[in-house]
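Report on the following structure.
The values are calculated or read from the model by the stated rules, or taken from the named source; none is laboratory data. No experiment lies behind these values; they were computed from the predicted model shown. Cβ placement follows ideal geometry from the backbone for every residue including glycine, while neighbour counts extend to all protein chains displayed.
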Amino acid sequence: MKRNLRMISGSILFVFLTCHLLNMAFGLVSVEAVEAARTFLTVPWTIPPIAQLLGISLLVHAGLGLHAIYQRNTLRMSGYDQVQLISGLVIIPLLASHIVGIQGAKQVFQFDPDYRNILGFFWLDSPAEGLRQVLVVIVAWLHGSIGMFSWLRLRASWDRLSLFIYPLVVAVPVLALVGFVDAGNEVIAERQAAAVQPVEEAPAEDYTEEERAALEEAIAERQQEIQRNLDFLSTITWTIIGVYTALVALTFLARGIRLYRAHKNRVSVRYLNGPAFDTQAGSSMLEIARLNDIPHANLCRGRGRCGTCRIRVISATPPLPEPGKVEANTLRRLDLGPDIRLACQIVPGPGSLVVERLVAPDIAPADLHAGKQAADGDDVNAEHANV
C-alpha cells in the first residue's frame, strides 16, 4: 500500500513538474506564448479538486519519504539513492517561498500574477528568488527522473522506452531553462524601454495643506499594510521550513534510537563459497552485504520489485520470519521455491545464517528481460512437448 501511494503521488508530482517546465519552454517564442500555453499546461492544476490532489500528493510523498528514511538501516547506498535522498530532503525548503508567494499574491493581495509579472520579479525585483527557482527545478527534476527511471527500467519494454525517455529527460529541463532566460530577457528589454520613455508631466493639482497631508498619510498607511503582509508571508515561509526541518531532524533521531536498540544483538552470516562474518542484527541481508562490501544484484535498489537480490537460504537459526506482502508477491510472480528469499526484504535477528547468491551482481535490466523471455519460451516449449 505504501509503495503504491508513493508511486502514485510521485507520478502526479512529476506530471505537474513536466507541465510546468513545458510551459516555461514556450519562452523560446515569447512571453505571450508562455502565457497562452499556461491556459492548457499550468492553470488546470489550480482548479479544484486537481489543486487539492496536488497538495495531498506533495504531503503524502514527503511523509512517505521521511518514513523510508526512518526504516533505512544504513545510509550507505548507491549513487542514485544518495542523489534522490538529498534532493528529496531539500525540495520543500527550496519550494516554500515560491508556493507561499504565489498563494499570498492571490489570497492576501487579491492579485493573480501572470508570467510577465513573475518573470519581472525573478529577473529584476528579486534575482535571488529567480536563482532559487532555477535550483528547485533542477533538484526536483533530478529527484523525479531517478524515481521514474527506477520504476520503468524493470519493465520488459524498457529497451524501447529508453530511446525516447533519455532524450526527454535532458531536453525538457534544458528547453525550460533556455525559455526562462529568453522570456526574462524580453521582460528586461520591456522594462528598459519603458524607463527611457519621456514621462508626461501630470497636471498640477491644487491641494490644500490638509489634503496633501491626508494623501501622504494614506500612502504611508498603504505601504505599511503591504509591508505587514509581506512580513506575514515571510513568517509563514520560515515556519514551513522550520517545521519541516524539525520533522527531518526527528526522523533521523528516531531512526538512530531504533538502530541503537536493534544493533545490540549480533548475527553470524556465511555465504556459500564466499565470506563469513559476524555483524550487527537489525539490517536486511542486502544492507548487510553493502556494509561488508559484498557485491549483490539489486536492480530495483532494495524495493522488493525486481527479485534480482534473491538468495537461497541454506540454514537459518532461528528460522527467518515469513515473507511480507511485497516479498511474497514478487516470489509468487517469479515462481520461486520456499527456500528462496529476497535479500532486500529479510531482516535476520540474532543467530546464524548460511545463504547463497543466485544472481550475478552485475546483472543489467536487459539481462533480466532476456531471462524472463527465455523462461516464457521454455514454458511454451514444455507445453508443446506435453501435448
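Structure above, values below:
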{"quantity": "Of all residues making up segment 271-309, the number that are on the phi < 0 side of the Ramachandran plot, in contact (Cβ under 8 Å) with a residue 60 or more places away in the chain and among the charged types (D, E, K, R)", "calculated": "4"}
{"quantity": "Helices (runs of 4 or more DSSP H) completely within segment 49-155 that count 3 or more residues being β-branched (Val, Ile, Thr)", "calculated": "50-71, 79-107, 127-152"}
{"quantity": "Strands (runs of 3 or more DSSP E) wholly inside segment 244-321 containing at least 1 residues that are among the basic types (Lys, Arg)", "calculated": "266-271, 310-317"}
{"quantity": "One residue from Tyr166, Tyr244 being modelled with pLDDT under 90 and among the aromatic types (Phe, Trp, Tyr)", "calculated": "Tyr166"}
{"quantity": "Number of the exception - Gly147 against (1) over 22 Å from Ser78 (Cβ atoms); (2) under 27 Å from the mean Cα position of the chain (by Cα); (3) crowded, with 19+ Cβ neighbours inside 10 Å", "calculated": "(1)"}
{"quantity": "Those residues of segment 3-19 which are surrounded by 17 or more Cβ atoms within 10 Å (Cβ to Cβ) and among the β-branched types (Val, Ile, Thr), in sequence order", "calculated": "Ile12, Thr18"}
